[in-house]
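First the structure, in the form of structure tokens, and then the observations on it.
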Amino acid sequence: MIQKADNIYKLLLIPIVTLSLYAQTPITPLPENAIYSVPKAELGKKLFFDPILSKDETISCSSCHNLPGNGANSTPFSIGVGGKEGVINTPTVLNASLNFAQHFDGRAKTLKEQMVFPITNPIEMDTTVEAIISTLSDTVYRSDFEAIYSDGLTEDNFLDAIAEFEKALITPNSKFDRYLRGDSSALNRQERLGYEKFQSTGCVNCHNGVNIGGNMYQKMGIFAPYTQKKVLNGRIDVTKRERDKYVYKVPTLRNIELTAPYMHDGQVKTLKETIKLMREHQLGVTNNSSSIAQIEAFLKTLTGETPSILKGMK
């Protein structure tokens, strides 16, 4: 009886929180032009696609973060050195610079901090930044860095160059961004209804701000437990606080139609299944086919243009 009352309270709270959060943190369009240093970003781009960064020189950043595609991967888990399978679904690197923290558990606050983890992870690149610098020192990269950075090739400059490239990976001018900027014809009726449902149902509680996510943590399984494909603990691994078990960074919804499979464990294959699951587990809302179809139509309007730094690539 207590559990039932608690669920009723949560349901009553959803519209209140929705209106409050939406009023305070509206969804805003992406900047039409990313701000970054072109020379640094071009150097970072070169490094991003180079497998020299991994221990056995077989895995590059792009091996897991497909570019110029979806910035993520098309499989539940990425494959690292020696054919080792990862334990968490690869998040997209597109628009990642707009997230308030990096990784699903928020272990890194900046893009520079984030890069150290895959580099040193034994099932990803399995090396060290120090070892990479030593390797790069005997290549053309040494002169590349000396041409851009006053102190040349250093660990900090190496991380800075890749971070600068990732800052360039903004996907502007989606249909929804054009709608937010005042073009009422950018969305059709189904898409507008989907946006209305997105707000009234409570999706906007967590998916808000310029990145439509990426700006808070939330527990997975508020109204119903979520059964994971692989056992993952969430933010508790960082904070060591029991209340952070199964708490994850809310992912961005930008370009969401391109980044299947979904969820931190990569077990959901379609966008429609994901909407249904999130309504059940996070909002306690009864599903119906028309609402799901409308929200799906809205989410597909969040696909933006290819970042200018990637145009012309295949």
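The values are calculated or read from the model by the stated rules, or taken from the named source; none is laboratory data. Computed from a predicted structure; not experimentally measured. Quick reminder, even Gly has a Cβ in these numbers, built from the backbone with ideal geometry, and neighbours come from all protein chains shown.
Being basic (Lys, Arg) and buried (at least 21 other Cβ atoms within 10 Å of the Cβ) is the filter here; which residues of the stretch 38-55 pass it?
Within the stretch 38-55, Lys40, Lys45 qualify.
Report every pair of residues separated by at least 6 positions or lying on different chains whose Cβ atoms are under 6 Å apart, first residue within the stretch 69-90 and touching a residue at least 60 places away in the same chain (Cβ under 8 Å) and hydrophobic (A, V, I, L, M, F, W, C), second surrounded by fewer than 20 Cβ atoms within 10 Å (Cβ to Cβ) and not in a loop (DSSP other than H, G, I, E, B).
Phe77/Glu85
Go through (1) modelled with pLDDT under 95; (2) surrounded by fewer than 19 Cβ atoms within 10 Å (Cβ to Cβ) one by one and return the number of the condition Arg241 breaks.
Answer for Arg241: the failing condition is (1).
Would you mind stating whether Val93 is assigned to a helix (DSSP H, G or I) and modelled with pLDDT of 95 or more?
Here the answer is no, as Val93 does not meet what is asked.
Among the numbered criteria (1) more than 19 Å from Gly304 (Cα to Cα); (2) not in a helix (DSSP H, G or I), which single criterion is violated by Leu159?
(2)
For the stretch 302-314, give me each residue that is in a helix (DSSP H, G or I) and either surrounded by 21 or more Cβ atoms within 10 Å (Cβ to Cβ) or at pLDDT below 95 (or both). Outline the logic, then answer.
Going residue by residue through the stretch 302-314, those that are in a helix (DSSP H, G or I) are 302, 308-310.
Answer for the stretch 302-314, where residues must be in a helix (DSSP H, G or I) and either surrounded by 21 or more Cβ atoms within 10 Å (Cβ to Cβ) or at pLDDT below 95 (or both): Leu302, Ile309.
Taking Val285 as meeting all but one of (1) at pLDDT below 95; (2) outside the structural domain of Arg254 (by TED's automatic domain parsing), write down the number of the exception.
Unmet condition: (2).
Within the stretch 176-184, does at least one residue satisfy the condition of being outside the structural domain of Asn89 (by TED's automatic domain parsing), crowded, with 20+ Cβ neighbours inside 10 Å and closer than 28 Å to Ala34 by Cα?
yes
Among the listed residues Val129, Val87, Val81, Val93, which satisfies the condition of being under 18 Å from the mean Cα position of the chain (by Cα) and surrounded by fewer than 21 Cβ atoms within 10 Å (Cβ to Cβ)?
Step by step, each of Val129, Val87, Val81, Val93 is checked, and only Val87 is under 18 Å from the mean Cα position of the chain (by Cα) and surrounded by fewer than 21 Cβ atoms within 10 Å (Cβ to Cβ).
Sort out which residues of the stretch 136-168 are β-branched (Val, Ile, Thr) and surrounded by 14 or more Cβ atoms within 10 Å (Cβ to Cβ), and write them in order of number. Even if it seems obvious, please write down each step before you answer.
Filtering the stretch 136-168 down to residues β-branched (Val, Ile, Thr) leaves 139-140, 148, 154, 162.
The answer is Ile148, Ile162.
For residues that are surrounded by fewer than 20 Cβ atoms within 10 Å (Cβ to Cβ) and small (Gly, Ala, Ser), scanning just the stretch 210-238, find the one that is nearest to the chain's Cα centre (by Cα).
Selected residue: Gly221.
For the stretch 256-267, does any single residue satisfy the condition of being in the same structural domain as Arg189 (by TED's automatic domain parsing), surrounded by 15 or more Cβ atoms within 10 Å (Cβ to Cβ) and free of Cβ contacts under 8 Å to residues at least 40 places away in the same chain?
no
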